[in-house]
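Asks: First the structure, which I've put down as structure tokens, then a few questions once you've had a look.
The values are calculated or read from the model by the stated rules, or taken from the named source; none is laboratory data. For clarity, every value in this text was computed on a predicted model and none was experimentally measured. Here the Cβ positions follow ideal geometry from the backbone for every residue, glycine too, while neighbour counts run over all protein chains shown.
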Amino acid sequence: MTEHPTRPDPVARYRAVLDSLDPRLRIAAKLRALFPMIETQLAAGVPHAAIMEDLAQAGLAVRPTTYITTLRRWRKAQRPSASPAVPVTPPTSTAHRTAPETPRTTPTPPPVDAIQGRPHGIETPSDLRQIRHMRVDLEALRREGLEQRQNATNPTPQDKE
């Protein structure tokens, strides 16, 4: 197999990076410095075993578990974090509207008998303990959900005003 004349072999590139690092660094830290180069090789189809052999030739003997674990952690850190959800605004065009829009009613909180011991807000550890120990009446919540669905499909004359 012939090497590309302008690109040095991976072992030489690994050695160059490893020589620039502090020798007291842990193996995982050294691997993290090499992973951008390793990722390009993996994308080109080079197997992990061949990369680990090249690393050993460059002077960095790595166990397979260390290599895989560090690679997974590095890839996870490289992933873009989830962007915050942008609220969707309704379209402002009035051309498609046929009837005037009625104001929507906000859902009412569950009746007092459905959830007992719920704090108004979480501000202290005791509020969290209170949530952990609260009693929830599932049957009352079911009845409330049925009522809300029935009210949504069959509005009463009071709701239309």
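Asks: Taking the condition of being exposed (fewer than 14 other Cβ atoms within 10 Å of the Cβ), aliphatic (A, V, I, L, M) and in a helix (DSSP H, G or I), how many residues in the range 43-74 meet it?
Replies: 5
Asks: Further, regarding this structure: Considering only the range 9-42, state which residues are in a helix (DSSP H, G or I) and farther than 20 Å from residue 64 by Cβ.
Replies: To start, the set of residues in the range 9-42 that are in a helix (DSSP H, G or I) comprises 10-20, 27-42.
Once the filter is applied, which keeps residues that are in a helix (DSSP H, G or I) and farther than 20 Å from residue 64 by Cβ, the range 9-42 yields 12, 13, 15, 16, 17, 19, 20, 36, 40.
Asks: Inspect the range 109-126 for any residue being in a helix (DSSP H, G or I), closer than 30 Å to residue 51 by Cβ and at pLDDT 80 or above and give the result as yes or no.
Replies: Here is the first cut: in the range 109-126, the ones in a helix (DSSP H, G or I) are 125-126.
Then keep just the ones that are closer than 30 Å to residue 51 by Cβ; that gives none.
Scanning the range 109-126 turns up no residue that is in a helix (DSSP H, G or I), closer than 30 Å to residue 51 by Cβ and at pLDDT 80 or above.
Asks: Tell me, yes or no, whether the range 75-83 has at least one residue that is in a loop (DSSP other than H, G, I, E, B), of a type in the set (Lys, Arg), surrounded by 10 or more Cβ atoms within 10 Å (Cβ to Cβ) and at pLDDT 60 or above.
Replies: Residues of the range 75-83 that are in a loop (DSSP other than H, G, I, E, B), as a first pass: 79-83.
Checking which are of a type in the set (Lys, Arg) leaves us with 79.
Pick out the ones that are also surrounded by 10 or more Cβ atoms within 10 Å (Cβ to Cβ) and you get none.
No; the residues of the range 75-83 include none that is in a loop (DSSP other than H, G, I, E, B), of a type in the set (Lys, Arg), surrounded by 10 or more Cβ atoms within 10 Å (Cβ to Cβ) and at pLDDT 60 or above.
Asks: While we're looking at this one, here's another question. I need the full set of residues from the range 45-68 which are farther than 14 Å from residue 12 by Cβ and touching a residue at least 40 places away in the same chain (Cβ under 8 Å), in order please.
Replies: Within the range 45-68, just 51 meets the criteria.
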